[in-house]
Amino acid sequence: MKSELKARYKNDPFFQVPRTYKKTAEGEVQLPIYFLDTSNLIAIFKADEDGVAKLLEGTGLSSGLSLAGNPLVFISFYEYRESTVGAYNEVGIAIPVIPEGMKRPKNGYLDLLRSTDESVIGWHIVNLPVTTELANAAGQEIWGYPKFVTQIPFKMDKSNFSSEVKDPGNGSIMRLQGKLNFGIKAPALSGVTYSHLNKKLLRSSINARGSYKAYLAHRLKLSVGDSLHNMAKNLRELGLENSRPIAVLSSPDFQSRLSDGAEVN
């Protein structure tokens, strides 16, 4: 299957972009990273305003998207079955943000649908656990992403979803599970991340595609374990313990390119 995928996408224009190499503690990584075969679920939550402000303090970033006065937070779950850094699972807590000094778009939701060259709102990642050492090293050393290695079970079909982030020490950090019910067609979301590496703010593009569905009448619920891990503390700070997403997006055939970061002046 892996060789078939690589052969199939070798001449695909989506994956025909200039590439470079960077060294990490776990080996060389070619950029952009290609994600060829992935299942993805994105859960969107209304979060605590004070909690979001606290997590963004000192970053030079401010909340970029809200609903009825509440800032939004996205939690994305990935099962990367094939990528140019291997197979692994990942979960990201991301706050939509705008860097200081950038003009706020008139409509933040429409801004999310713009190309990565035009969008202003991006994602500030609060926690990003992964299941392999290579993915961990690449994320930390190239982009400054707050990654750590742990176990992340992932199960998704047409009507059910379940995933968990294990505490690397013991127990569970968080779990999202439940029924998806009926979904309607939705666009894939390309975008940018804003991260800090060596005290510099980086803007990195993620170009994405896939057949997505949006679920509003789902039955998913997020639970936070008794863990004292930083990720569990952040989820509590955001007011997400025992909460339900206001909306969910999912795709069984997500593909993307993660590019190197450019310094924001």
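The values are calculated or read from the model by the stated rules, or taken from the named source; none is laboratory data. Since the structure is predicted, the reported quantities are computational estimates derived from the model, not experimental observations. Reconstructed Cβ throughout: ideal geometry from the backbone, glycine too, with neighbour counts over all protein chains shown. Please note that ligands, DNA and RNA were not included when accessible areas were found on the heavy atoms of the full protein model with its side chains. Shrake-Rupley method; radii C 1.70, N 1.55, O 1.52, S 1.80 Å.
Values computed for the structure shown
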read-out: Answer from VAL126, VAL130 - the residue that is of a type in the set (A, V, I, L, M, F, W, C) and within 10 Å of GLU90 (Cβ to Cβ); value: VAL130
read-out: One residue from ILE95, ILE125 being out of contact with any His (no Cβ under 6 Å at 6 or more places or on another chain), in a strand (DSSP E or B), β-branched (Val, Ile, Thr) and at pLDDT 95 or above; value: ILE125
read-out: Qualifying residue in the range 59-75 (condition: at pLDDT 95 or above, of a type in the set (A, V, I, L, M), part of a loop (DSSP other than H, G, I, E, B) and within 30 Å of ALA217 (Cβ to Cβ)); value: yes
read-out: Close pairs from the range 189-207: first within 14 Å of GLU100 (Cα to Cα) and open to solvent by 50 Å² or more (accessible area, probe 1.4 Å), partner of a type in the set (Phe, Trp, Tyr) and assigned to a strand (DSSP E or B), Cβ under 8 Å, at least 6 apart; value: ARG203/TYR194
read-out: All positions within the range 149-205 that are of a type in the set (A, V, I, L, M) and either closer than 30 Å to LEU110 by Cα or in a loop (DSSP other than H, G, I, E, B) (or both); value: ILE152, MET156, LEU176, LEU180, ILE184, ALA186, ALA188, LEU189, VAL192, LEU197, LEU201, LEU202
read-out: Pairs where the first residue, in the range 99-112, is in contact (Cβ under 8 Å) with a residue 24 or more places away in the chain and the second is in a helix (DSSP H, G or I) and open to solvent by 100 Å² or more (accessible area, probe 1.4 Å), C-beta under 7 Å, 6+ apart; value: none
read-out: Any pair with Cβ under 7 angstrom, 6 or more apart, that starts in the range 135-158 at a residue that is more than 16 Å from LYS23 (Cα to Cα) and open to solvent by 60 Å² or more (accessible area, probe 1.4 Å) and ends at one that is β-branched (Val, Ile, Thr) and part of a loop (DSSP other than H, G, I, E, B); value: GLN151/THR131
